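Here the structure is laid out as structure tokens; the discussion comes afterwards.
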Amino acid sequence: MVKHHVKDIKLAAEGKKRIEWADNDMPVLAEIRQRFAKEKPLSGKKMSACLHVTAETANLARTVQAGGADLVLVASNPLSTQDDVAASLVKDYGISVYAIKGEDHKTYYEHIHAALKHDPIITMDDGADLVSTLHQEYPEKCADIFASMEETTTGVIRLRAMHKDGALKLPVFAVNDALTKYLFDNRYGTGQSTVDGIIRATDILLAGKNVVVAGYGWCGRGFAMRCKGMGANVILTEVDPIKALEAAMDGFQVMPMEKAAGIGDLFVTITGDINVIRKEHFQNMKDGAIVANSGHFNVEIDIPALEKLAVQKRTDIRKYVDEYRLKNGNRIFLLAQGRLINLAAAEGHPASVMDMSFATQALTTEFALKEKKTPGVYLVPKDVEDYISTLKLKTMGIQIDVLTEEQKEYLSSWELGT
Ligand SMILES: NC(=O)c1ccc[n+]([C@@H]2O[C@H](COP(=O)([O-])OP(=O)(O)OC[C@H]3O[C@@H](n4cnc5c(N)ncnc54)[C@H](O)[C@@H]3O)[C@@H](O)[C@H]2O)c1
């Protein structure tokens, strides 16, 4: 068997069923996999991927493997691994996986080191932990990397900051910034799966609740839209005036967190920022307020401040729910230790939306191998986006109009006016 570190290899049979179920809803990736199997564009290329180890990621792993890549897969979050999927990838598909749900900080980084010791020439990241460790601990290996793909907003922000500082030593493709990724995955994927994670963890009724959403970016608006549809009173907090205006004109109440703190029944941060909910907000919250995060890192809620404020803490009063009692007697329920609620308590994004994100990953990897670029953060080529959106529409049975010759001419001319 290939090298691995998974929870229990005997879970493989369940994992295989899960991978196959997800595959039913990933037709674009399946088409790319079929072509990769014939053309082998990644033949013999060593790859390391640091992604959420879920059934959808398994189908991406199968796709790059079909293309000929020699892949090592590790977790990009200690709580998001599906242990049965990890086992099946090792046993049924012969892919090296290092990921265990609930792994501690030390194990998490041992797994990242295993990925880097594989000497990859292509890497994939979700939050830039792999590229960041590479630069800090194996700087000599950077020159061998052809390109790295970055899956999420927070990772792209980190990588752009590295490039601005002159610290980035390899070319990165901002897969997150492809329209075929963020317009769908961040909005509809995070929107639905964040609701799913909160409901699985708490079993609360959203109808009639005051739901406070921090951040009206692509993820935040997806989640706010879903909560509104389920009958919640949704309140938005923002720091960007344009986003705040959009939220207001989309029909949401907009106010500072300081004010929202005393009103909310459920608080969800999705900003990519730090300490968005902090001491003064906890102190203002109602008894029984539920607090969760769906942004990338577990820093959006100031958990150390909550720990300090609490006079009593009871962990796991339900799975993924910790209770903090404050001096004033009020209880605050923190979900999934402030980690991505949709991946910790639910199954992450539905396969249909990951079909587009991972088709973007696979095709950008193929593109990246054609020509080595200088260090920097690059956008996904438009051809890749056009191919994926056209094929996705086809698999959904949706047809659209085509420009006539007259329309093409009109849209490219400037003479014709009133
Ligand atoms: N849960 C998931 O599966 C998942 C999926 C995709 C992205 N993400 C992560 O979610 C986060 C948000 O991603 P996005 O694509 O929506 O980003 P985005 O840049 O589109 O939106 C973030 C929004 O948060 C706002 N913001 C920043 N600081 C704030 C603060 N203190 N208070 C209120 N609002 C604030 C910004 O103004 C912006 O409008 C990132 O960390 C990203 O990596 C999570």
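The values are calculated or read from the model by the stated rules, or taken from the named source; none is laboratory data. These numbers come from a predicted model, not from an experiment. Neighbour counts are summed over all protein chains in view; Cβ atoms, including those assigned to glycine, are modelled from backbone coordinates with ideal geometry. Just the protein is used for accessible areas: all its heavy atoms, side chains included, with ligands, DNA and RNA removed. Shrake-Rupley method; radii C 1.70, N 1.55, O 1.52, S 1.80 Å.
A compact table of results
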| item | result |
| --- | --- |
| Search result, residues across segment 341-352 that are modelled with pLDDT of 95 or more and open to solvent by 30 Å² or more (accessible area, probe 1.4 Å) | Pro350, Ser352 |
| Residue within segment 191-204 that is part of a loop (DSSP other than H, G, I, E, B), open to solvent by 10 Å² or more (accessible area, probe 1.4 Å) and either of a type in the set (A, V, I, L, M, F, W, C) or near the ligand (Cβ under 10 Å from one of its atoms) (or both) present | yes |
| Yes/no for Glu238 being surrounded by 21 or more Cβ atoms within 10 Å (Cβ to Cβ) and not small (Gly, Ala, Ser) | yes |
| Test for Thr63: is it in a loop (DSSP other than H, G, I, E, B) and surrounded by 23 or more Cβ atoms within 10 Å (Cβ to Cβ) | no |
| Any hit, segment 173-189, residues being of a type outside the set (Val, Ile, Thr), under 18 Å from Phe297 (Cα atoms) and more than 16 Å from the chain's Cα centre (by Cα) | no |
| Set Glu371, Glu323: member being in a strand (DSSP E or B), surrounded by fewer than 19 Cβ atoms within 10 Å (Cβ to Cβ), free of Cβ contacts under 8 Å to residues at least 40 places away in the same chain and more than 16 Å from the ligand (Cβ to nearest atom) | Glu323 |
| Some residue of segment 84-93 being open to solvent by 20 Å² or more (accessible area, probe 1.4 Å), in a helix (DSSP H, G or I) and in contact with a Phe, Trp or Tyr (Cβ under 8 Å, 6 or more places away or on another chain) | no |
| Selection count, segment 256-297, where residues are more than 11 Å from the ligand (Cβ to nearest atom) and either part of a loop (DSSP other than H, G, I, E, B) or among the polar types (S, T, N, Q) (or both) | 11 |
| Lone unmet requirement of (1) part of a helix (DSSP H, G or I); (2) surrounded by fewer than 20 Cβ atoms within 10 Å (Cβ to Cβ); (3) among the acidic types (Asp, Glu) for Asp355 | (2) |
| Residue within segment 327-340 that is polar (S, T, N, Q), surrounded by fewer than 18 Cβ atoms within 10 Å (Cβ to Cβ) and either within 19 Å of the chain's Cα centre (by Cα) or within 16 Å of the ligand (Cβ to nearest atom) (or both) present | yes |
| Top-ranked residue of segment 143-167 - restricted to ones that are open to solvent by 10 Å² or more (accessible area, probe 1.4 Å) and touching a residue at least 40 places away in the same chain (Cβ under 8 Å), ranked as farthest from the ligand (Cβ to nearest atom) | Phe146 |
| Some residue of segment 273-282 being surrounded by 24 or more Cβ atoms within 10 Å (Cβ to Cβ) and in contact (Cβ under 8 Å) with a residue 60 or more places away in the chain | yes |
